[in-house]
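Engineer: Take this structure, written in structure tokens, and hold onto it; I'll ask about it next.
Quick note: the coordinates plus some simple rules give every number you see, no bench work behind them. Keep in mind the model is a prediction, meaning the values are calculated, not measured. Here the Cβ positions follow ideal geometry from the backbone for every residue, glycine too, while neighbour counts run over all protein chains shown.
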Amino acid sequence: MSQCAAIIAAAGSGERFGATLPKALITLGNRTLIEHAVAALAPVASEIVICAPAGYEKQIQELVGNDITVVVGGATRSESVRAGIAALSGNAKFVLVHDAARALATTELAHSVLTSLEKGEVAVIPGLELIDTVKSIDASGHVTSTPDRASFRRVQTPQGFDLEVLKKAHATGADATDDGALVEAIGHKVLIIKGEERALKITTPTDLASALSMLGTSSLFRTGVGVDAHAFAEGRQLWLAGLLWPNQIGVDGHSDGDVAAHAICDALFAAAQLGDLGTNFGIDKPEYAGASGVTLLKETLQRVSAAGYAISNVTVQIIGNRPKLAERRSEAIAALSAALGGVNVSVLATTTDGMGLTGEGRGIAAIASALLIKQG
Ligand code: CTP
Ligand code: MG
């Protein structure tokens, strides 16, 4: 296959989206729009240049890694693409120009564009048929004609070009909303191939919601619930939510009996479908005998990460008459969060109005929930 470079236009401010950060840095599912765009093009591109909004070059470079060149874009999309062209090594025969905003365009689409270039086309752009009837209007809003919609296409990116042709088209310094128009303007033939619904340009929050549904979020997010309970036992220290509670009666168990930590471990294992506390750290695994709740949380984090998940957040509710959690809540949150690599943790507590075993003061229980996000 011939060498193919890629330029990703990501320097827009995302004004119509209305967020406080540039559109390319908005998160869609498990990663930002720019990361999605890079992932789609990387398998077909020998080099990638990203045109970033001024001031965000470093942040984008950190997200995409050092194999990719990041340059500052221009005031218009065409100027950004020109900045991208200037940063190319010049070794490639072809170039794909892509919008970060079309984050869900697939590698297959990029591949189809490239295949047409290899067959001898000099400009290839994906497009879809129109669904609505179109009208041409005058300045007063009156219809001047109803063109045959079958002869129109709404075009997308990645658009592919012979690199020399794209350079010539941009040498004019002209502005257009796509690169195909600049190539047409210097007299080259531009071929349209079948585009993709999922290559939609994410412009507004509604578009982001459509893109999220195309991404199939059901396989992306996973929740889990975990429960643990231990009876009070005289002569033991109390460990709860990663903290030692001096002057409190501890609980039974061959570990430190930290019900909050154990419930969180189970919620995480449940969400990742990795079994439970028993199958991971049970009595047939003597190396974990007596392990602290914090140690088990750290180990659980490692296993969940190795299975390809990141933790979005964790909640644990402690159920019992004592200890009173309120005055140490922030300490508990800090301890649990640190054990889980700094994730968002909420800690709540309740009594049960004197009902049930914990209400009778016979022990402590905890219920936890966790939300995981599939990575990659
Ligand atoms: N783009 C660019 N440089 C510009 C303007 C736009 O690289 N000066 C990029 C955008 O980052 C986007 C693509 O061109 O990936 C298409 O532009 P658009 O969807 O209009 O994005 P924004 O310009 O960011 O959005 P808005 O017009 O709502 O501000
Ligand atoms: Mg724009």
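Engineer: Just checking, does the range 13-25 include any residue being more than 14 Å from ligand 2 (Cβ to nearest atom) and either surrounded by 19 or more Cβ atoms within 10 Å (Cβ to Cβ) or within 18 Å of residue 199 (Cα to Cα) (or both)? Give the derivation first.
Structural biologist: Narrowing the range 13-25 to residues more than 14 Å from ligand 2 (Cβ to nearest atom): 20-21, 25.
Of the ones still in play, those that are also either surrounded by 19 or more Cβ atoms within 10 Å (Cβ to Cβ) or within 18 Å of residue 199 (Cα to Cα) (or both) are 25.
Yes, there is a match, as at least one residue in the range 13-25 is more than 14 Å from ligand 2 (Cβ to nearest atom) and either surrounded by 19 or more Cβ atoms within 10 Å (Cβ to Cβ) or within 18 Å of residue 199 (Cα to Cα) (or both).
Engineer: For the range 60-69: of the residues being among the hydrophobic types (A, V, I, L, M, F, W, C) and more than 12 Å from ligand 1 (Cβ to nearest atom), which is surrounded by the fewest Cβ atoms within 10 Å (Cβ to Cβ)?
Structural biologist: In the first step, residues of the range 60-69 are kept if they are among the hydrophobic types (A, V, I, L, M, F, W, C); the result is 60, 63-64, 68.
Now narrow it down to the ones that are more than 12 Å from ligand 1 (Cβ to nearest atom): 63-64, 68.
Working: 63: 18, 64: 23, 68: 20.
Across the range 60-69, the extreme among qualifying residues is 63.
Engineer: For residue 57, work out the one condition from (1) touching a residue at least 40 places away in the same chain (Cβ under 8 Å); (2) within 14 Å of ligand 1 (Cβ to nearest atom); (3) surrounded by fewer than 18 Cβ atoms within 10 Å (Cβ to Cβ); (4) within 20 Å of the chain's Cα centre (by Cα) it doesn't fulfil.
Structural biologist: (1)
Engineer: Applying the selection to the range 287-343, what residues are surrounded by fewer than 20 Cβ atoms within 10 Å (Cβ to Cβ), aliphatic (A, V, I, L, M) and in a strand (DSSP E or B)?
Structural biologist: 310
Engineer: Could you say which residue among 117, 41, 109, 104 is farther than 16 Å from residue 196 by Cβ, of a type outside the set (S, T, N, Q), touching a residue at least 12 places away in the same chain (Cβ under 8 Å) and away from ligand 2 (no atom under 16 Å from the Cβ)?
Structural biologist: Numbers: 41 fails: farther than 16 Å from residue 196 by Cβ; 109 fails: farther than 16 Å from residue 196 by Cβ; 104 fails: farther than 16 Å from residue 196 by Cβ.
The match here is 117.
Engineer: Determine, yes or no, whether residue 60 is of a type outside the set (S, T, N, Q), in a strand (DSSP E or B) and more than 20 Å from residue 204 (Cβ to Cβ).
Structural biologist: Details: of a type outside the set (S, T, N, Q): yes; in a strand (DSSP E or B): no; more than 20 Å from residue 204 (Cβ to Cβ): yes.
No; evaluated as a whole, the condition is false for this residue.
Engineer: Next up: State all residues of the range 249-275 that are of a type outside the set (A, V, I, L, M) and buried (at least 17 other Cβ atoms within 10 Å of the Cβ); if no residue qualifies, say none.
Structural biologist: Restricting attention to the range 249-275, the residues satisfying the condition of being of a type outside the set (A, V, I, L, M) are 250, 252-258, 262, 265-266, 269, 273, 275.
Those that are of a type outside the set (A, V, I, L, M) and buried (at least 17 other Cβ atoms within 10 Å of the Cβ): 250, 253, 255, 256, 257, 258, 262, 265, 266, 269.
Engineer: Here is a follow-up. Just checking, which of 124, 134, 165 is more than 32 Å from the chain's Cα centre (by Cα), under 23 Å from residue 44 (Cα atoms) and of a type in the set (A, V, I, L, M)? Before the answer, list the steps.
Structural biologist: Details: 124 fails: more than 32 Å from the chain's Cα centre (by Cα); 134 fails: under 23 Å from residue 44 (Cα atoms).
On inspection, the qualifying residue turns out to be 165.
Engineer: From the residues in the range 33-48 that are surrounded by fewer than 24 Cβ atoms within 10 Å (Cβ to Cβ) and of a type in the set (Val, Ile, Thr), which one is nearest to residue 114 (Cα to Cα)?
Structural biologist: 44
Engineer: Which one of these is part of a loop (DSSP other than H, G, I, E, B) and either within 10 Å of ligand 1 (Cβ to nearest atom) or touching a helix residue (DSSP H, G or I) at 6+ places or on another chain (Cβ under 9 Å) (or both): 83, 37, 92? Even if it seems obvious, please write down each step before you answer.
Structural biologist: Working: 83 fails: part of a loop (DSSP other than H, G, I, E, B); 37 fails: part of a loop (DSSP other than H, G, I, E, B).
The match here is 92.
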